[in-house]
Amino acid sequence: MDKQSCILIAEIGASHAGSLQRALMLTELAAQNGADVVKFQKRDPISSVPLDVANKPHPNPHFAYGDTYLSHRIALELSIEDHAKLKDKCDYLGVKYACSVWDLKSAKEIIDINPFFIKIPSACNKHETLIDYCLCNFERQIHISLGMLSLVERNMLLHKYSGKNVVFYHTTTEYPCPFEKLYIKEISQIVELYGTAGFSNHGYGIASDIAALALGASYIERHFIDDRTFRHTDAAASLEPRGLNTLKRDLQHISLGLQYRPHACTEEETRQALKLRNSEK
């Protein structure tokens, strides 16, 4: 069995706080600390924010960037021209640009700049029109997060899109997610049924990511930020540069060890056997 490779995704999301310069800075930091892919999010706030919350305050005022939830989302949004600049920055740094889309308008815009993949976030995994549009109009992979679904709903989604150019991500949509609610054994089921799987981890530390790799995950996605005290709802569940760098190192090292033993001993084992084995039978 060949050693298992794993793609590490740094999810910047909207932790740029609506600033292109901050987004570019975070992209460079992620690339410098081991990210293979740097991922953002694109929304049309008018169509993607539910009407029943649009004119209400953000549920946690500390994280609000506007007086209402709609104005908050508008303040955090980058233009499609900004996303094109971020893709150019990724190309320059030698990493891949990817993006989550929350609505049809955003999907059409992001498809035009040809990202490495398009992600359907958990909040949109019941939006079949959006998923079907992306599958019909985008030649590269569609990645779908499976959070916010019961097992019955998840299995229906897996069945509907199995055999298509889709990668399914196991996740629990809690920020941060306690260890006992990560349910990472689900990854091995997805791999067994569909051949590949991703893990979008909103939990603590990096141990769960290593376990996900051992269970067969080919994509590990972690929220990334420069400072976990930054005023953003994703910050507490994010890795800082040192954490991302350590995770990349450990994923590479464990990937080397995820192999079956060959029939023969290694050369060093043979030398050790000659030195340490009792010659008596």
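Within segment 72-120, if we keep just the residues that are in a loop (DSSP other than H, G, I, E, B) and of a type in the set (Gly, Ala, Ser), the residue that is farthest from the chain's Cα centre (by Cα) turns out to be SER79. One residue alone among SER122, SER162 is within 21 Å of LYS181 (Cβ to Cβ) and among the hydroxyl-bearing types (Ser, Thr, Tyr), and that residue is SER122. Contact map, segment 106-122: residues that are without any contact (Cβ under 8 Å) to a residue 60 or more places away in the chain paired with residues that are part of a helix (DSSP H, G or I) and among the charged types (D, E, K, R), Cβ distance under 7 Å, separation 6+ or inter-chain. Pairs shown: ILE113/LYS87; PRO115/LYS87. For segment 41-71, filtered to residues that are assigned to a loop (DSSP other than H, G, I, E, B) and of a type in the set (A, V, I, L, M, F, W, C), the residue that is farthest from GLU28 (Cα to Cα) is VAL49. Within segment 54-62, the presence of a residue that is touching a Phe, Trp or Tyr at 6+ places or on another chain (Cβ under 7 Å), of a type in the set (A, V, I, L, M) and surrounded by 20 or more Cβ atoms within 10 Å (Cβ to Cβ) is excluded. Scanning segment 11-33 for residues that are out of contact with any Asp or Glu (no Cβ under 7 Å at 6 or more places or on another chain), outside any helix (DSSP H, G or I) and polar (S, T, N, Q) returns SER19, ASN33. Across segment 125-143, the number of residues qualifying as in a helix (DSSP H, G or I), surrounded by fewer than 22 Cβ atoms within 10 Å (Cβ to Cβ) and not aliphatic (A, V, I, L, M) comes to 6.
Does segment 93-101 include one or more residues that are crowded, with 22+ Cβ neighbours inside 10 Å and farther than 15 Å from LEU24 by Cα? Yes.
Read-outs: derived from the displayed coordinates by stated rules, not from any lab. The model shown is predicted, which means the values in this text are computed figures rather than measured ones. Using ideal geometry, Cβ is built from the backbone for each residue, glycine included, and neighbour counts are taken over all protein chains shown.
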